Amino acid sequence: MKKITLTVASLALAISGFSINPDSVQVKQNQLDLVYMISDCEDMIEWIKWDVENGKIYQEYADLYIENLLNIMSKAEDLIENINKK
């Protein structure tokens, strides 16, 4: 469900961004890049969980990686929020 929401949000940003001045288009592109970054982090978390289940990585390492990816996602969401406020 998150993928569908992110895809719809990405398309909405892309469509709405091209009817505005060039500076605004760049801002929308940056916002879209952040949405893709969040999606990539979610994918990586899923892959790490699969690796733990298949015994390819220790749970302790996975927890560290997941924590760092969640921090990246949180910062990206904060940046998106700040862009929307402007």
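Just so you know, all these numbers are worked out from the coordinates, no wet-lab data involved. Small disclaimer: the values here were computed from a predicted structure and weren't measured. Heads up, the Cβs are rebuilt from the backbone with ideal geometry, glycines too, and the neighbour counts pull from every protein chain shown.
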Item to complete: Only Lys, Arg, Asp and Glu count, each charged at its Cβ (+1, +1, -1, -1), so figure out the dipole size of the stretch 17-86 about its Cα centre, rounded to 20 debye.
Response: 360 debye
Worksheet item: Each residue of the stretch 38-47 in turn: what ³J(HN,Hα) in whole Hz from Karplus with 6.51, -1.76, 1.60 and θ = phi - 60°, glycine and Pro shown as x?
Response: 4, 4, 5, 4, 4, 4, 4, 4, 4, 5
Worksheet, complete the sentence: Full extension between residue 40 and residue 81 adds, at 0.36 nm per residue less the Cα distance, a length in nm of 12.9 nm
Discussion item. Full-extension gain between residue 70 and residue 50, please, as 0.36 nm times their residue separation minus the C-alpha to C-alpha distance.
Written reply: 5.5 nm
Item to complete: Give the distance, in whole Å, between the Cα centre of the stretch 38-70 and the Cα centre of the stretch 71-86.
Response: 22 Å
